[in-house]
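Take a look at the structure below.
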Amino acid sequence: MSRKPSNRYSEMPMRVTDSRMSMANATPQSNNVFGKLNIPKPHSTTSERRTSFFGKGAGMGAGGQRNSIFGTYGGSEKIKDPRPLHDKTFVQQCIKELCEFLGDNGFPASITVKSLQSPSTKEFLKIFEFIYILLDPTFQMPTAKVEEEIPRILRDLRYPFPLSKSSMYSIGAPHTWPQALGALIWLIDTVRVFNSWKGQDVLFGDFSDGFTELEDGMEYSKLFLEYSSKTYNKFMQGADTFEDEDADYLSHLKRLYNVDEALLESQQEKHRVLMSEVERLEKESHNDRLMGQRTEKLKLHTDLQKLQSYRTRMESFKSHQENKVTALSEELEAANLQLESLKREQARLQHILENQKFTPADIERINRERNELQQNVNTLSRSLEEAQQLAWNEEITLTKTKERAEAKLAEYHKLARMLKLVPQSAENACGHDFEIKTVNDYGPTTATQIRTQIQNPLKSMLADVEEEFSNVTNMKLSLDETIEQIKSNISEKLNDIKQLKEQIRRLDEQLERDMQDMAHEEEKWAADMDSAESHKKLLEKKVMAGHEEAEEQLKAAQQQYHLVLQETKEESRMVANNLAHVFSAAVNHLDIIEKHCNDQVKKMEKMNEVIREDQADLQQLKEMVENFVARANVF
């Protein structure tokens, strides 16, 4: 557990700016920057509900009750995400932060801001796996049921907002991507907190090591704990600013470290003036060159993309040509084999022709007899084919008629079973026999019997169905009215979009004019560069002199620090033991809360299964009614 007051380890967005946090950062400590976004405070009713990490009853004050981040001990209330995830500006800011984080940590695939506007599920899984490996190097993405595993992993990490399983199927959709992006940003912040804690072995470090550097000591820890306790109590009572506590804490710190306020303020003012002057000079001297390098970088990047696309086209063309050559070689080989077989057949027939022993007269007689026999066979074959064709046509007509009748009968029985009208003991049969036997089982009065047996009971059932259909029609009309209202709202939003586009066009024109004015100003700045350069050298000399003086003061402060460190080592060991006991108690308490939350989640999953089964039965009943109405209209 770190005692640095300047670091904010909460996953929730800040309700108060970081201006007051500087009061707790008066000591010389390293300040880890986690890349928090500037999240505006949402104006909604949920902003009045504050959250506490310790559950119900931990933050009761005069201002009312604040809710725990896990809800009450017996409740399962879901927390609404206060981040404006549907704000395009905020989403773009999150995408930019995600892209920078992946690039800084060596993401293996190529990733851009444009590709993150609507990523595929495969890309999301790669990004999630890469970020989670930074927390757990042994992690491997599961190959089955990923849509269930990722929400479970986030719940195990105590992600405070829900992420549904259905959103994993279409992760790049406009209505699901912002929630998934928010989860990734939260995971990035968790990685940064984990990395900062990993380098601070305060809880389990070796306090007996002579080179262990504690942050301040017992007196500072006491001041900081008192300050944290006071501000947290006021926070739980509804306060958002703590000016009195900040001033009191700062005065105690100054007395603790014997701070010379006059010297400190003069040095800070001097440093602020010098840094602003250096930044201004660097910006003026390197602005043009930086812009030129950026332009050159964009040109080279464009050329590289063109070369890569050209190389890809050439490789595909090469593979296509190789496939064509292979196909032509196979065709040529097959043609050669066919030519060899034809040559062998020609040689065989030539050999038979040369070795035959018949005379020309015998051959002529044989041919004449063969022609006569062939004519007789053809005549008889035509007669036989005509008779067979006539019989075949009659059989086909009869078969088709039977098939149509059987198909109609099968369709009727299928629909009747679907509507639970057959057999006679079916649910909707009401004791009537709606089953129709085959046509061969009936006599001439079959049609009359079917009308008496089936149509009369069905008419009474149709009356009931028509009444229910009218109710459904009224509901449909109400839904149509709602759709029309939504369409009118969409048209109004389109008009608003047109107005915004016109405003953007005017702003672009204003930007172009401003750019021209800036070009004229840059020409004026070039004339002042020589005088600014000499002034810069003078300032550098002064900065170096101040730096040497500051180094001497630092050496004196380090000597005093080592003396204080030796005196407070034993007291630090006692603090470490006390913190270990406190942490063990807190961990046990959190385990109990976690078990209770898991039980509530299991109950909710069971309720969801029951609701899904009821919805499936309702959908099946609606389909049956629609089919029955359709068949009734046909009758």
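Quick note: the coordinates plus some simple rules give every number you see, no bench work behind them. Keep in mind it's a predicted model, so treat the numbers as computed, not measured. Using ideal geometry, Cβ is built from the backbone for each residue, glycine included, and neighbour counts are taken over all protein chains shown.
What size of dipole, in debye to the nearest 20, comes out for the range 88-198 about its Cα centre when the only charges are +1 on Lys and Arg C-beta atoms and -1 on Asp and Glu C-beta atoms?
Approximately 160 debye in magnitude.
State the answer as a single residue: which of N578, V610, A550 lies farthest towards the positive end of the charge dipole of the range 550-635, with beta carbon charges of +1 for Lys and Arg and -1 for Asp and Glu, about the Cα centre.
After comparing all options, I get V610.
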